[in-house]
Amino acid sequence: MSAIDTEVDHYLRAVTELGDTREIIASRDIYSENGTKLIAAGIRITSKLYDKLVDHKLQLPLDMSVTTEPPIGLNSITTDLQQLIDANPIFRQIAESINQSFNLNQVIAAINMPPPLYFRLTVSKEKFPNIYQRALSSVLLTLFIAHCEKMTQEDTQSIAISALFHNIGMMHVDPTMLAPTYRMNSNERRHIYAHPVTAYMLLKQFPELSKTVGEAILEHHERMDGRGYPRGLTGDRISRCGQILGIAVVSAKAFESNDLAELQKLAVTLKVSARQYGNGLIGHIVSMINQDVDPNVDSAGDAKNLTGKMKLIASAFEQFNLAVEDGVTDQMLEYAKQRVSLLRMDFQDVGIDLGNIEDSLHVFDDHPELAHEYIPLVNEALWQLKSILLDISRRWPQEFEESVSGEGWLTQQRDLLLAG
């Protein structure tokens, strides 16, 4: 079985469990791939049928063979978006900006989707509320960027649909893996990295959808400098809608929080990572944040930890340099060297040399009030260093597991960063 085939069980379980509390009916006979009829049309789908269905690969995806009343519809999506806007002041500002170009409700009302996708949204809202809420936030942010970019009506519709469904692949992942405290191994992490492909394959079954929708969903974790996934695309090989969806998805959590500190951190992250995102796109998000953030408010973290974190970054760079000097020649180190070099350039653009970061400590001797401005930058640098290890584990899962079980450079780097 492929990774995707195994993951489908989690979505199937969610659907059948939903059938215990909501009427879900087989709209047609459901057959296994070899032609065996498993369930007759008109039968109610409940958790009692899970074991029967899970043992077979179906001729058609389950979404195409079931209905529920009432399914989530465009009116429901509009209502849920409005509730999100009413509850969040910065989303209200975003909605006001969107309405300068086009009526938000009319954009949603004009969306045309196949019935199975409304069923999929219904399952998302009922069984995966975090995924559904993130989809709504992403819709608002993509439409805001579409407004700023003066996109065509056709592309605006496509970007809204792609935002609604960008994370449906996560509905096939074991929910326990998504808990904040759960620590995934390399094999489990590969399932997470597969979710854009899973979503793309699901939507590809509906030729009536614009190709732009599927492309954007497949590409929303790609990055302009090639460090993204699943295909490692670079530059304009990533569609403009894929670029827009990518920056919206990255930004959604901070906007949902409506927390000034989180928004400041997001602005720093986007500025530092400018090479990763489409030309001009981060400016739209940062400008919206700057309207809402008081630059004199120190809400980014605890300055007492700044010195320790900067020394930790210095140690991480030293570990990389020692591995290079020792003549280590594995492909993982070569990849890490490239990423560290890019990371150093990213931070030089905002005035910090990560290779000589301890020199920056002297700034605080005479100007301690500047410390809060460095906190989000230093936190972002630590996260970026950790992300290098995550990406190595994604690209070379077996080699990574073997390496970190020993005493080499990768083990030392991992232990150092996890301790921080």
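Give me the pairs, please: first residue somewhere in segment 212-237 and touching a residue at least 24 places away in the same chain (Cβ under 8 Å) and open to solvent by 30 Å² or more (accessible area, probe 1.4 Å), second residue anywhere and acidic (Asp, Glu) and in a helix (DSSP H, G or I), beta-carbon distance under 7 Å, and either six or more positions apart or on two chains.
THR212/ASP155
Do you know which of the residues in segment 397-411 that are over 19 Å from ILE192 (Cβ atoms), without any contact (Cβ under 8 Å) to a residue 24 or more places away in the chain and part of a helix (DSSP H, G or I) is least open to solvent (accessible area, probe 1.4 Å)?
Out of the qualifying residues, it is THR411.
Could you tell me whether segment 47-57 includes any residue that is under 23 Å from ILE161 (Cβ atoms) and open to solvent by 60 Å² or more (accessible area, probe 1.4 Å)?
Within segment 47-57, none of the residues are under 23 Å from ILE161 (Cβ atoms) and open to solvent by 60 Å² or more (accessible area, probe 1.4 Å).
In the list SER210, SER251, SER186, SER273, which residue meets the criterion of being farther than 24 Å from LEU12 by Cα, hydroxyl-bearing (Ser, Thr, Tyr) and under 13 Å from the mean Cα position of the chain (by Cα)?
SER251
Report whether or not GLN82 is at pLDDT 95 or above and either of a type in the set (Lys, Arg) or open to solvent by 40 Å² or more (accessible area, probe 1.4 Å) (or both).
yes
If I filter segment 240-288 down to residues being part of a helix (DSSP H, G or I) and charged (D, E, K, R), which single residue comes out as most open to solvent (accessible area, probe 1.4 Å)?
Looking at residues that are part of a helix (DSSP H, G or I) and charged (D, E, K, R), I get LYS253.
Answer with yes or no whether GLY420 is buried (at least 17 other Cβ atoms within 10 Å of the Cβ), farther than 24 Å from ASP225 by Cα and either out of contact with any strand residue (DSSP E or B) (no Cβ under 6 Å at 6 or more places or on another chain) or modelled with pLDDT of 80 or more (or both).
No.
All but one of (1) at pLDDT below 85; (2) on the phi > 0 side of the Ramachandran plot hold for ASN258, so report the exception by its number.
(1) is the only condition that ASN258 fails.
The values are calculated or read from the model by the stated rules, or taken from the named source; none is laboratory data. These numbers were taken from a predicted model, which means no experiment stands behind them. A quick note on method: Cβ atoms are made from the backbone with ideal geometry, for glycine too, and the neighbour counts reach across all protein chains shown. To get the accessible areas, we keep the full protein, side chains included, count just its heavy atoms, and leave off ligands, DNA and RNA. Shrake-Rupley method; radii C 1.70, N 1.55, O 1.52, S 1.80 Å.
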